[in-house]
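To start, the structure itself, in structure tokens.
The values are calculated or read from the model by the stated rules, or taken from the named source; none is laboratory data. Being a predicted model, the structure only gives us computed values, none of them experimental. Note that each Cβ is placed from the backbone with ideal geometry, even for glycine, and that neighbours are counted across all protein chains shown.
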Amino acid sequence: MKDFAASKARIGFAAAAIALVAGSSGYAIAHLTTEPSGIAASGEGKRDPRKPLYWFDPMVPDQHFDHPGKSPFMDMLLVPKYADAADDDAQGVRIDPAATQNLGLRTVSVRRGELANAFTATGTLDFNQRDVAIVQARSGGFVQRVYGRAPGDVIGANAPIADILIPEWAGAQAEYLAVRRTGNSALTLAARQRLMLLGMPSGLIASIDRNGKPRTVITVSTPTAGVIKTLGVRAGMTLASGQTLAEINGLGTVWLNAAVPEALAGRLRPGQLLSATLPAYPGETFSGKIAAVLPDVQTDSRTLTVRAELSNPSGRLKPGMFASVTIDGENAPSLLVPSEAVIRTGKRTLVVLALANGRYRPAEVQPGRDNGGVTEILAGLSEGEKIVASGQFLIDSEANLSGIAARPVSEPHPPATLSPSKSLFETTGKIEQITSASITLSHDPVPALGWPAMTMTFALPNPAVARGFSVGDHIRFGFDRPPAGPAVRQLIKVAGR
């Protein structure tokens with residue numbers, strides 16, 4: 001009986017302990033979700049006497065309802081949105097400064113700098129198809145001798161290929177010698193011209209002049225040095241006029257064909273410098289320039305071919321060799337942010353702005369290139385703005401739950417004013433035309449100069465200033481007036497007017 005009572009007492013004590021732990025946990029969870037300890041969006045809290053503008057589901061903030069009730073999307077009550085909270089919410093999510101360190105938030109400033117533009121690709125060496133010589137029979141005849149050549153042999157210039165008997169030339173040469181003995185210079189010149197039209201080399205005609213004897217057997221030689229790609233002559237063959245005897249490919253230069261992903265096509269241009277390293281020659285670098293960007297894309301690998309010409313005076317570079325290629329790019333100044341600060345949702349790209357008074361707001365941006373942990377921003381940010389580099393996913397999620405819209409790319413944003421400079425005049429306008437050296441703008445009046453609204457062309461000393469802009473963009477710009485004429489120094493996109 002005593003054991004039963006003791007067991008009952010122990011069970012009661014355990015139940016009380018469980019209740020105490022559960023109560024403490026509930027208090028802790030409730031305490032963590034209150035505004036002072038973390039993230040809070042304006043307009044949320046206790047019952048409010050103000051009249052709501054509408055109700056919304058935090059999981060679907062874009063859908064608005066006229067009356068309170070249960071969400072048709074989730075098993076939860078709709079949340080009211082108040083008129084005087086709209087402006088407050090527009091400033092973003094608020095985080096208690098005391099919680100910033102606990103959340104691991106780290107902010108950085110948007111800076112202007114140069115992003116390394118070099119990239120790598122794989123390539124192979126190939127014969128230079130522009131350095132090809134064709135050896136043909138100049139007239140019909142018979143092969144009397146070959147010189148032991150074979151495809152793949154590397155030969156020098158004027159290397160003999162075959163001796164060919166050409167009976168047709170015998171009569172023409174005898175006629176030429178007979179006319180020359182008459183002393184008639186006009187007839188001699190005409191007879192000599194006929195020999196040339198029959199395809200006789202000038203060296204053979206000079207030999208006939210010296211010896212005074214016809215020559216019907218000639219030795220066919222290679223015009224250039226290189227490798228024999230094809231050889232179509234054998235002893236005893238009968239040849240037709242114009243028949244190809246051999247094809248010689250020079251080795252003084254070779255082609256380097258590099259496979260570059262099509263996503264990088266916009267960064268390629270003829271004349272661009274590149275360097276190549278080959279496993280066959282470790283520690284050596286071979287330099288060249290892009291000779292051509294071929295017009296077709298390989299559908300299986302989604303790459304395009306970049307062709308460069310490499311000097312090969314010693315013949316060390318062999319067609320078929322593998323190469324690792326580094327292509328240099330232009331390092332133009334641009335806005336840069338850490339790549340870890342960029343949120344890519346699949347539909348758009350965001351960063352989280354760090355505003356005043358502990359507030360944060362997502363902002364949509366247009367990203368450019370990525371390299372070395374740094375991302376180029378083409379539009380959506382200004383130099384000097386602060387963004388969150390770590391912990392931004394938590395803030396973006398809270399902003400979505402609170403119905404806070406991200407700042408669009410086209411919205412003017414601070415510091416939207418151009419860099420202060422007493423020598424710059426500012427106004428707004430629209431881009432009508434852009435070239436590498438000028439930009440045409442239809443702009444609003446410039447009161448400081450007494451200029452009315454007009455369309456005019458400004459010089460563009462630094463083409464990088466207009467990078468990311470296109471015809472039709474509405475902009476705010478700063479310009480000065482050097483002796484050569486007005487020149488645009490700074491551009492910022494603004495919302496369409």
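General observations
- Scope the range 126-140; condition over 10 Å from ILE248 (Cα atoms) and under 38 Å from the mean Cα position of the chain (by Cα); matching residues: ASP126, PHE127, ASN128, GLN129, ARG130
- In the range 129-160, the residue that is farthest from ILE218 (Cα to Cα) out of those that are part of a loop (DSSP other than H, G, I, E, B) and hydrophobic (A, V, I, L, M, F, W, C) is ALA150.
- In the range 326-364, the residues that are closer than 18 Å to ALA464 by Cβ and of a type outside the set (Ser, Thr, Tyr): ASP328, GLY329, GLU330, ASN331, ALA332, PRO333, LEU335, LEU336, VAL337
- Picking from residues in the range 320-333 that are modelled with pLDDT of 90 or more and assigned to a loop (DSSP other than H, G, I, E, B), the one that is surrounded by the fewest Cβ atoms within 10 Å (Cβ to Cβ) is GLY320.
- Matching option when the condition is over 19 Å from the mean Cα position of the chain (by Cα) and not assigned by TED's automatic domain parsing to the domain that holds ALA464, among THR299, THR345: THR345
- If you check ALA246, ALA258 for being of a type in the set (A, V, I, L, M, F, W, C) and either under 27 Å from the mean Cα position of the chain (by Cα) or at pLDDT below 90 (or both), only one passes: ALA258.
- Residues of the range 425-478 satisfying the condition of being more than 13 Å from LEU491 (Cα to Cα) and aromatic (Phe, Trp, Tyr): TRP451
- Only one of LEU278, LEU304, LEU274, LEU317 that is surrounded by 13 or more Cβ atoms within 10 Å (Cβ to Cβ), touching a Leu at 6+ places or on another chain (Cβ under 6 Å) and at pLDDT 90 or above: LEU317
- Being closer than 30 Å to PHE127 by Cα, buried (at least 17 other Cβ atoms within 10 Å of the Cβ) and touching a residue at least 12 places away in the same chain (Cβ under 8 Å) is a property that holds for ALA162.
- Per this entry, LEU418 is not counted among residues that are assigned to a loop (DSSP other than H, G, I, E, B), modelled with pLDDT under 80, hydrophobic (A, V, I, L, M, F, W, C) and more than 30 Å from ARG94 (Cα to Cα).
- A count restricted to the range 134-158 and to residues that are surrounded by fewer than 16 Cβ atoms within 10 Å (Cβ to Cβ), more than 17 Å from ARG234 (Cα to Cα) and among the hydrophobic types (A, V, I, L, M, F, W, C) stands at 2.
- Considering the range 251-312, the qualifying strands (runs of 3 or more DSSP E), each wholly inside and each with 3 or more residues that are under 30 Å from ILE155 (Cβ atoms), run over 253-261, 286-298, 303-311.
- The range 120-169, subset in the same structural domain as LEU197 (by TED's automatic domain parsing) and hydroxyl-bearing (Ser, Thr, Tyr), residue farthest from ALA276 (Cα to Cα): SER139
- Of all the residues in the range 426-458, those that are part of a strand (DSSP E or B) and either outside the structural domain of ALA484 (by TED's automatic domain parsing) or of a type outside the set (Phe, Trp, Tyr) (or both) number 20.
- Screening VAL465 against (1) farther than 15 Å from THR428 by Cβ; (2) assigned to a loop (DSSP other than H, G, I, E, B) leaves a single unmet condition, (2).
- Contact annotation: residue pairs with Cβ atoms under 7 Å, 6 or more positions apart or on different chains, pairing a residue in the range 459-472 that is modelled with pLDDT of 85 or more with a partner that is surrounded by 13 or more Cβ atoms within 10 Å (Cβ to Cβ) and assigned to a helix (DSSP H, G or I), are LEU460/ALA466.
- Residue pairs meeting the criteria (Cβ under 6 Å; at least 6 apart or on separate chains; first without any contact (Cβ under 8 Å) to a residue 60 or more places away in the chain and over 20 Å from PRO282 (Cβ atoms), in the range 301-323; second among the aromatic types (Phe, Trp, Tyr) and surrounded by 12 or more Cβ atoms within 10 Å (Cβ to Cβ)): ARG307/TRP255
- Filter result (among the acidic types (Asp, Glu) and crowded, with 17+ Cβ neighbours inside 10 Å) within the range 222-271: GLU247
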